[in-house]
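The values are calculated or read from the model by the stated rules, or taken from the named source; none is laboratory data. Bear in mind that the values here come from a model prediction, so they are computed numbers and not experimental data. With ideal geometry, Cβ positions are generated from the backbone for all residues, glycine too; neighbour counts draw on all protein chains shown. Protein only, heavy atoms only, side chains kept; ligands, DNA and RNA dropped before computing areas. Shrake-Rupley method; radii C 1.70, N 1.55, O 1.52, S 1.80 Å.
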Amino acid sequence: MNNTFVVVGGDAAGMSAASKAKRENPEMDVVVFEKGEWVSYAACGMPYYVKGEVEALEDLVTIPPEQFRQERDIDLRTGHEVVDLNPNTETVTVEGPDGQFDQPYDSLLLGMGATAIEPPFDGIDLDGVFTIHDMDEADAIEEYVSEQAPETAAIVGGGYVGIEMAEALDARGVDVSLYEMLPNVLQPFGTEVADVVEEHLGERGVDLHLDTAVSGFAGDGRVEHVEFEGSSAPAEIAVVGVGVTPNVALAEAAGIELGPTGAIATDEFGRTNHDNVYAAGDCAEANHVVTGEPEHVPLALTANRAGRAIGQTVTGAPTPVGDTAGTAIVKAFDLGAARTGIVDEERASEAGFDPISVTISAGSRAHYYPGGEELTVTLLADRDTRRVLGGSVVGREGAKRIDTVAMALHGEMTVTELQNADLAYAPPFSPVWDPVLTAAKVLGGKLA
Ligand SMILES: Cc1cc2nc3c(=O)[nH]c(=O)nc-3n(C[C@H](O)[C@H](O)[C@H](O)COP(=O)(O)OP(=O)(O)OC[C@H]3O[C@@H](n4cnc5c(N)ncnc54)[C@H](O)[C@@H]3O)c2cc1C
């Protein structure tokens, strides 16, 4: 049995793996190298720290470093960067406060995460231009807003991070403009969701520029304007949220194979092409539950779950990391928007399906019960097999119903099976026919 488990990266994937391995086998030496000072932090909560809903950055830490060290007996070393992997000698080279050294391993997990993409914009280095991917960046944005009191903001990118940051800065009293080069925001959520979200962003005062490519920023040392399509607008702070790229340089240099998405290729146990080297989280691929193809899904549960499974596998109990459906949900001011699986027909056709879809609107509660809101549900299925392929939900209440659709994907359910699912009902929570069931009924009718 392996006895030294080395982990690179001390967040969702890495600390889940380290904790699980130690719990399963207390005799195992578990060493975690984290190049920064923060570990086990909820990056997902950072927009709400900037917004002011989360009081202290420290509140986003799930388990403090000392607890890992003292209570869980994990050799956690912050301020230590792994700079080289040597699969042939089964060692990693580490740079720490006391210099460089080699650390041997029996099993190794690569949990290096991803990096926010910084396009080659003019003026990207001006003060007041930020990306938001780690805790220090969140801290810097909060500090800038507090100290400089910007009146105008440019958000570049209409993905979920851009939309969360639009809400955060709006709540801090900043006039927000959002620039998206595609025709819609929230592209992975589909146009049915985007249409509703875009209308709502407008209602909430966000100046939305779709089909608009930003080229850079201008200002005297500090950002004053955002430039786009030959035009410019005031922006005293800018947040660039145009996606992430997996941190794979270390792995690639060591001959670890990357997959078609550019993230580290892994098998069902999270194993790379090198014996005893695993990868999980934002730096790795995961298997898509509908297409069976590798996908790069940089989301928190994917990282936590794969890390936990690998932590168990390295103790001698092989545990699959599980498939991903790309299930995601985002708060956009007063709306919830959610998606899972395949949400558009073009993508379904590319994956070899014969897609058919419906979009319905239904109340989130019984029609007579106060406080209900309209939900828009889209459901997609394969015409031949009737298998549910994916869907989306958007509305002011109840978007988390997407989980029902996600379960249908994991269970490879047909539209009829979903339609016949026994879901909970009482007037304050749902109509008798939950909106997801109504969508399945309508889609079933269309298929018939
Ligand atoms: C603003 C924001 C909001 C988000 N909101 C959501 C959400 O609502 N829902 C959701 O599911 N996901 C969300 N995410 C994504 C989620 O945070 C990530 O999917 C998750 O953190 C991935 O975990 P990870 O362990 O793979 O990588 P990370 O959390 O990136 O951790 C990797 C760690 O590895 C360290 N590291 C890298 N290279 C080395 C090295 N060579 N040596 C030592 N250490 C190294 C890094 O410093 C880092 O701490 C959000 C992300 C951001 C930025």
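At a glance:
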| quantity | calculated |
| --- | --- |
| Karplus 3J(HN,Hα) series, Hz, for region 105-113 with 6.51 cos²θ - 1.76 cosθ + 1.60 (x for Gly, Pro) | 9, 9, 10, 9, 10, 8, x, 7, x |
| GluC sites (Glu not before Pro) restricted to DSSP loop in region 33-107 with at most 15 other C-beta within 10 Å | Glu37, Glu53, Glu55, Glu71 |
| Ser16, Ser430, Ser215, ranked by accessible area, largest first (probe 1.4 Å) | Ser215, Ser16, Ser430 |
| Net charge dipole size for the chain [Lys, Arg +1 and Asp, Glu -1 on Cβ; Debye, nearest 20] | 1960 |
| Total formal charge among the other residues, if their Cβ is under 11 angstrom from that of Val330, Lys/Arg +1 and Asp/Glu -1 | 0 |
| D_trans [Stokes-Einstein, Kirkwood Rh over alpha-carbon pairs] for region 237-374, 20 °C, 1.002 mPa s, µm² s⁻¹ | 122 |
| Residue order for Arg271, Arg339 - accessible surface, 1.4 angstrom probe, largest first | Arg271, Arg339 |
| Eligible lysines near Lys20 by straight Cα distance, threshold 25 Å, same-chain separation 8 or greater | Lys35 |
| Length released on extending from Leu447 to Asn86, taking residue separation times 0.36 nm less the Cα-Cα span | 124.5 nm |
| Dipole magnitude (debye, nearest 20) for region 368-429, charges at Cβ of Lys, Arg, Asp, Glu | 80 |
| Diffusion coefficient, µm² s⁻¹, Stokes-Einstein with Kirkwood Rh over alpha-carbon pairs of region 305-397 at 20 °C and 1.002 mPa s | 136 |
| 13 Å Cα-Cα reach of Lys51 towards aspartates and glutamates, excluding residues that sit fewer than 8 places from it in its own chain | Asp139, Glu142, Glu143, Glu164, Glu167, Asp170 |
| Cα-based radius of gyration of the chain once divided by 2.2 N^0.38 Å, which approximates compact folds | 1.03 |
| Cα-based convex hull, region 1-124, per residue volume (Å³, whole number) | 143 |
| In Å², nearest 10: area of Asp136 left accessible to a 1.4 Å probe | 100 |
| Residue-level accessible surface for His274, protein heavy atoms, 1.4 Å, Å² | 50 |
| Total formal charge among the other residues, if their Cβ is under 12 angstrom from that of Leu258, Lys/Arg +1 and Asp/Glu -1 | -3 |
| Spin-label model distance (nm) - Glu268 vs Trp433, 7 Å beyond Cα toward Cβ | 3.8 |
| Cβ-defined net charge surrounding Leu126, 10 Å radius [Lys, Arg +1; Asp, Glu -1] | -4 |
| Principal axis dimensions, largest first and in whole angstrom, of region 357-406 by Cα | 41, 16, 13 |
| Accessible area of Trp38 in the full protein assembly, 1.4 Å probe (Å², nearest 10) | 60 |
| Apportionment of accessible area to carbon and sulfur, region 14-131, percent (1.4 Å) | 44 |
